[in-house]
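Following: one structure in structure tokens, then a few remarks.
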Amino acid sequence: MPERPGPERSVADWDGLAREWDLWQGLPQRPTLWWRDDDAVDVTASLEELRRSARVPVALAVIPMALDRPLQPRLGAYLADWPGAAVLQHGVGHLNHAAEGAKKSEFPPTRPSSEIELALTVAGNFLRETLGSCVLPVLTPPWNRIGEPALALLPRLGFRGVSRFDELPYAGKASPATQFPRFREINTQIDVIDWRGSRGFVGEAAALGRLAAHLAARRRGSVDPKIPTGLLTHHLVHDTATWRFLDKLQDWLAQRGGLDVFQDPRELWPPL
Ligand SMILES: [Zn+2]
């Protein structure tokens, strides 16, 4: 019997990243990045640590209506004073509506569209009322999952984009989101947390491996080279090693030509 392939893995060290980085020299595109951090609802010590750590713009995926962790109005004042922060709508309540045994999703294809439409609208209005103009009309579905019927609703509900997570190997899958005009899907690829194992830092080899692999896929044209590579963090669960890696990555990029490779989320989803 043929052996079943394991999950795709890609590893690299800083030298490996440097080799990939050098291959971008002289190309018309730059090796751009962007940073998404999930699950904020309040100003916590770890959110303050994120603000200290991030020398570049960050898109915070904020949960509008989590039952156990209500959105705190003081987060609005805090973000108004953090010029690099923008907010994406992280679902409605971060609640699982998937059928028993199915992968967790707040917007599975089995959930009635009318219910999803109402929930997204109410939650989006509440998010904007509470946090103000830093909220971008972009949905980050919890667990990075959204069924196609719900995805198709988004442009009509005023969303300009969606952000999910790409698993290895990175190859151009035609996303249904690309068929909506002026609607952009910009995903993340480098999750710094080892959710299936230690729930701590995933390790440099895995994080740099995904970064180098996604950059290589863009450079070769197997995915759109203009769409930036996404760093995904969850400030509430970072251990010391995770914070250290984020520092080291920014140091490395600063030395390699500048931190302006990080794109501002407001420019990724500009106003109409
Ligand atoms: Zn989440």
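Give, rounded to the nearest 20 debye, the magnitude of the charge dipole that the chain has about its Cα centre when Lys and Arg contribute +1 at Cβ and Asp and Glu contribute -1 at Cβ. Could the numbers behind the result be given before it?
Working: 32 positive and 33 negative charges, 119 e Å.
Using Cβ point charges on Lys, Arg, Asp and Glu, the chain gives about 580 debye.
Need the C-alpha centroid separation for the stretch 221-257 versus the stretch 166-184, integer Å.
When both Cα centres are located, 21 Å separates them.
Give the cross-link partners of Lys248 among the lysines, using a straight C-alpha distance below 27 Å as the criterion and excluding same-chain residues fewer than 8 apart.
Lys226
With a cap of 12 neighbouring Cβ atoms within 10 Å, and only residues DSSP puts in a loop, list the chymotrypsin sites (Phe, Trp or Tyr not before Pro) found in the stretch 177-232. List each step's numbers first, then the result.
Working: sites: Phe183, Trp195, Phe201; in loops: Phe183, Trp195.
Hits after loop and neighbour filter: Trp195.
Give the order of Arg184, Arg160 when sorted by the count of other beta carbons within 10 angstrom, beginning with the fewest.
Numbers: Arg184 16, Arg160 19.
Fewest to most other Cβ atoms nearby, the residues stand as Arg184, Arg160.
Over the Cα atoms of the stretch 37-127, what Rg and Dmax result, in angstrom?
Expressed in Å, the Cα Rg and Dmax of the stretch 37-127 come to 14.7, 43.
Which ordering of Trp35, Trp82 is given by a fewest-first count of other beta-carbon atoms within 10 Å? List each step's numbers first, then the result.
Numbers: Trp35 25, Trp82 16.
By the 10 Å Cβ count, ascending: Trp82, Trp35.
Expressed as cubic angstrom per residue, what is the convex hull volume of the alpha carbon set of the stretch 121-232? Don't skip to the end; give the middle numbers.
Details: hull volume 14.7 nm³, N = 112.
Per-residue hull volume (Cα only) is 131 Å³.
Given Thr233, Phe245, Leu208, which one lies farthest toward the positive end of the charge dipole of the stretch 199-272, if we put +1 on the Cβ of every Lys and Arg and -1 on the Cβ of every Asp and Glu?
The one lying farthest along the dipole's positive direction is Leu208.
Running a GNM on the chain with Cα contacts under 10 Å, which residue among Phe262, Phe126, Phe107 ends up with the highest mean-square fluctuation?
Maximum fluctuation in the GNM of the chain, among the listed residues, is at Phe126.
Please report, in whole Å, how far the alpha carbons of the stretch 14-268 spread along each principal axis, starting with the longest.
49, 40, 35
Throughout, read-outs are computed from the coordinates displayed, never taken from laboratory work. This is a predicted model, so every value here is computed, not measured. Ideal geometry is used to build each Cβ from the backbone, glycine not excepted, and the neighbour counts take in all protein chains shown.
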